[in-house]
Amino acid sequence: MSKYLVSACLMGHNCKYNGGNNDNAAVRAFLRDKDYVVFCPERASGLPAPRLPSEIRDGRVYSKAGDDVTAEFNAGAEKALAFCQKHGVTHAILKARSPSCGVHAVYDGTFTGKVIPGQGVTANLLSEHGIILMDEEDIPL
Ligand code: SF4
């Protein structure tokens, strides 16, 4: 039986970097008859909300101020994986283009809005452990 992990911001939790959320009606509708748990890897790592935005560059994660936050992002990914394993998660619906949650693409590290193919840190770790990923834009309407 499928069990979903969902990015908490897609379910209206105010865990996004700017203190807001990405509440998504299509995700909510898709999950209505499904078993799911909600998680935010960046908040789980101890990062505050609001916080500076971060992007991936050359395999590391940097805040917009230039601080290397790779350790925090890796810690969030490890916590997400442990949470998935504890709850028997098989699938994940993650926020598109996030440096933690992005499934198909991420921002390119220049903070200019440019997107390149790639995955967020958490998405990558979950995928490596066999969890099937989709983002909110993959939800069938
Ligand atoms: Fe949403 Fe993921 Fe960013 Fe948390 S880390 S705010 S769940 S995109």
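The values are calculated or read from the model by the stated rules, or taken from the named source; none is laboratory data. The model shown is predicted, which means the values in this text are computed figures rather than measured ones. Every residue, glycine as well, gets a Cβ built from its backbone with ideal geometry; the counts of neighbours run over all protein chains shown. Protein only, heavy atoms only, side chains kept; ligands, DNA and RNA dropped before computing areas. Shrake-Rupley method; radii C 1.70, N 1.55, O 1.52, S 1.80 Å.
What to note about this one:
- Residues in region 1-40 that are touching a strand residue (DSSP E or B) at 6+ places or on another chain (Cβ under 6 Å), within 13 Å of the ligand (Cβ to nearest atom) and among the polar types (S, T, N, Q): Ser7 alone.
- Residue in region 50-61 that is open to solvent by less than 30 Å² (accessible area, probe 1.4 Å), more than 13 Å from the ligand (Cβ to nearest atom) and not acidic (Asp, Glu) present: no
- Number of the condition not met by Thr90 [criteria: (1) open to solvent by 20 Å² or more (accessible area, probe 1.4 Å); (2) hydroxyl-bearing (Ser, Thr, Tyr); (3) within 11 Å of the ligand (Cβ to nearest atom)]: (3)
- If you check Tyr17, Tyr62, Tyr36 for being in contact with a Phe, Trp or Tyr (Cβ under 8 Å, 6 or more places away or on another chain) and farther than 19 Å from Glu128 by Cα, only one passes: Tyr36.
- Scanning region 1-27 for residues that are assigned to a loop (DSSP other than H, G, I, E, B) and modelled with pLDDT of 95 or more yields a count of 15.
- Taking the listed residues Asp23, Asp33, the one that is in contact (Cβ under 8 Å) with a residue 12 or more places away in the chain and either surrounded by fewer than 16 Cβ atoms within 10 Å (Cβ to Cβ) or more than 12 Å from Ala123 (Cα to Cα) (or both) is Asp23, with no other qualifying.
- Applying the set (1) within 20 Å of Pro99 (Cβ to Cβ); (2) in contact with a His (Cβ under 9 Å, 6 or more places away or on another chain); (3) hydrophobic (A, V, I, L, M, F, W, C); (4) open to solvent by less than 30 Å² (accessible area, probe 1.4 Å) to Met11 leaves exactly one unmet item: (2).
- Boolean, Arg43 is open to solvent by 70 Å² or more (accessible area, probe 1.4 Å), within 9 Å of the ligand (Cβ to nearest atom), closer than 21 Å to Leu133 by Cα and in a helix (DSSP H, G or I): yes
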